[in-house]
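Note sheet for the following structure.
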Amino acid sequence: MVKENKKNNKKYFACEECNFAYESKDWAQKCENWCREHHSCNVEITKHAVQI
Ligand SMILES: [Zn+2]
C-alpha cells in the first residue's frame, strides 16, 4: 500500500518498497508495482519523485 505522508501542509505519497515520495498517488502506485515486481527502481518512474 502506498503511504500517505503530510509535510508542510503538502501531501505526499510514498512507495512502501523503496520509500521514494511522490506528489501524485498514481506515480507512487506505479513505483510500488514496479518495485514489487522487479525488485529494482525504474528511473522513468523515480524521476518523478520529490525530495521531502
Ligand atoms: Zn518504489
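Applying the criterion of being of a type in the set (A, V, I, L, M) and over 11 Å from the mean Cα position of the chain (by Cα) to the residues of region 43-52, the residue that is farthest from the ligand (Cβ to nearest atom) is 52.
Which residues, counting only those in region 14-52, are among the aromatic types (Phe, Trp, Tyr) and within 12 Å of residue 2 (Cα to Cα)? Result: 20, 22, 27. Scanning region 29-42 for residues that are surrounded by 18 or more Cβ atoms within 10 Å (Cβ to Cβ) and more than 8 Å from the ligand (Cβ to nearest atom) yields a single hit, 30. Number of residues in region 11-23 that are closer than 13 Å to residue 46 by Cβ and either surrounded by 21 or more Cβ atoms within 10 Å (Cβ to Cβ) or under 8 Å from the mean Cα position of the chain (by Cα) (or both): the value is 7.
Does any residue of region 35-49 turn out to be in contact (Cβ under 8 Å) with a residue 40 or more places away in the chain and of a type in the set (A, V, I, L, M)? Full working, then the answer.
Of all residues in region 35-49, those in contact (Cβ under 8 Å) with a residue 40 or more places away in the chain come to none.
Scanning region 35-49, I find no residue that is in contact (Cβ under 8 Å) with a residue 40 or more places away in the chain and of a type in the set (A, V, I, L, M), so the answer is no.
Here, each number is a calculation from the coordinates, and none is a lab measurement. Keep in mind that what you see is a predicted model, and the values were worked out from it rather than measured. Glycine gets a Cβ as well: all are built from the backbone with ideal geometry, and neighbour counts include every protein chain shown.
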